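Visitor: Shown below is the structure under consideration.
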Amino acid sequence: MQSLYQVVGISRQGFHQHRRRLQWQEQQVDPIIERVKHYRQFHPRMGARPIYQLMSAHKSDQQLIEHLGRDKFESILITNGLGIEPIRIFHITTYSGAFRFPNLTEGLEINDINRVWISDLTYYRLLDGWAYLTFILDLYSRRCLGYALSQTLETEQTTMKALKMALKTRGKHNFDQQLIFHSDGGGQYYDKGFLKLLRQYQIVSSMAECVYENPHVERFHSTAKNQYLIPWGVNSVCQLEKRMPQFIKLYNQM
């Protein structure tokens, strides 16, 4: 064997180190890669750290990564071509009217659900134009309670539709002025019919001074578009209608 090592230009120690690396790849790394690919089928742009957390929470996956730290896990994914390249994000600003409700969330300590709901509207690019997505999240649980998909900016098809879904999700008829509805102040949140529905359920209005004061919804928008809808190849209203419930379910389970 020694003569063979000399022919191929490798030492005995180097040969056995190479064998151990191959065994490590086959026995330890390959099963992890297969599980990561499985998760990516449902979460196409989920990063290494969130996947590590998901696997840590599932008993069937824990044994695969119990010997790995988070950084080593991330390194394995990158080495095997499963790293995620960041996407550059651009913002389309919202026009806000002169009148504004005060920002009631600034410095507020939130310790339960149904204390603050946050909402915003975003644009989604289609092959033949734009669609408009409106979301309502519970700030405490970060759960998406309601959403609306539309091709018009009319209140009935955006904020009103999302609010009705959120109210149905919670199943309450009166929030006794204990729930704050916080938005960035877009025109759909000033609509008389929308404000009337908030008052009907005893919900208090709150507005940010600018879009950057509503960062949780902005991050949600980025997750929806850049980690799911775009990687899924969604480019039509029909595809959006099919994929949106799937995304909301996956997001709320995380």
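Visitor: Taking Gln157, is it surrounded by fewer than 19 Cβ atoms within 10 Å (Cβ to Cβ) and at pLDDT 95 or above? Before the answer, list the steps.
Guide: Values: surrounded by fewer than 19 Cβ atoms within 10 Å (Cβ to Cβ): yes; at pLDDT 95 or above: yes.
Criteria met by Gln157.
Visitor: Look at the stretch 230-254 and say how many of its residues are in a helix (DSSP H, G or I), surrounded by 16 or more Cβ atoms within 10 Å (Cβ to Cβ) and touching a residue at least 24 places away in the same chain (Cβ under 8 Å).
Guide: 5
Visitor: Of Ala208, Ala162, which residue is in contact with a Phe, Trp or Tyr (Cβ under 8 Å, 6 or more places away or on another chain) and surrounded by 21 or more Cβ atoms within 10 Å (Cβ to Cβ)?
Guide: Details: Ala208 fails: in contact with a Phe, Trp or Tyr (Cβ under 8 Å, 6 or more places away or on another chain).
None of the others qualify; the one that does is Ala162.
Visitor: Could we say that Lys168 is assigned to a loop (DSSP other than H, G, I, E, B) and assigned by TED's automatic domain parsing to the domain that holds Pro245 here?
Guide: On the way: assigned to a loop (DSSP other than H, G, I, E, B): no; assigned by TED's automatic domain parsing to the domain that holds Pro245: yes.
For Lys168, the condition - assigned to a loop (DSSP other than H, G, I, E, B) and assigned by TED's automatic domain parsing to the domain that holds Pro245 - is not met.
Visitor: In the stretch 56-113, which residues are at pLDDT below 85, of a type in the set (Ser, Thr, Tyr), surrounded by 14 or more Cβ atoms within 10 Å (Cβ to Cβ) and under 30 Å from Asn214 (Cβ atoms)?
Guide: If the condition is that a residue be at pLDDT below 85, of a type in the set (Ser, Thr, Tyr), surrounded by 14 or more Cβ atoms within 10 Å (Cβ to Cβ) and under 30 Å from Asn214 (Cβ atoms), then Thr94, Ser96 are the ones that fit.
Visitor: Can you find a residue that is buried (at least 21 other Cβ atoms within 10 Å of the Cβ), in a loop (DSSP other than H, G, I, E, B) and touching a residue at least 60 places away in the same chain (Cβ under 8 Å) anywhere in the stretch 181-188? Full working, then the answer.
Guide: Let us first name the residues in the stretch 181-188 that are buried (at least 21 other Cβ atoms within 10 Å of the Cβ), namely 181-186, 188.
Of the ones still in play, those that are also in a loop (DSSP other than H, G, I, E, B) are 184-185.
Next, only the ones that are touching a residue at least 60 places away in the same chain (Cβ under 8 Å) stay: 184-185.
There is at least one residue in the stretch 181-188 that is buried (at least 21 other Cβ atoms within 10 Å of the Cβ), in a loop (DSSP other than H, G, I, E, B) and touching a residue at least 60 places away in the same chain (Cβ under 8 Å).
Visitor: Sticking with this structure for a sec: Would you mind telling me which numbered condition in (1) more than 13 Å from Gln188 (Cα to Cα); (2) at pLDDT below 95; (3) not basic (Lys, Arg) Leu149 fails?
Guide: (2)
Visitor: Is there a residue being assigned by TED's automatic domain parsing to the domain that holds Ser206 and part of a helix (DSSP H, G or I) anywhere in the stretch 137-155?
Guide: Quick first cut of the stretch 137-155, residues assigned by TED's automatic domain parsing to the domain that holds Ser206 only: 137-155.
Going one step further and asking which of them are part of a helix (DSSP H, G or I), we end up with 155.
Yes: the stretch 137-155 contains one or more residues that are assigned by TED's automatic domain parsing to the domain that holds Ser206 and part of a helix (DSSP H, G or I).
The values are calculated or read from the model by the stated rules, or taken from the named source; none is laboratory data. For clarity, every value in this text was computed on a predicted model and none was experimentally measured. Don't worry about glycine lacking a Cβ; one is built from the backbone with ideal geometry, like all the others, and counts go over all protein chains shown.
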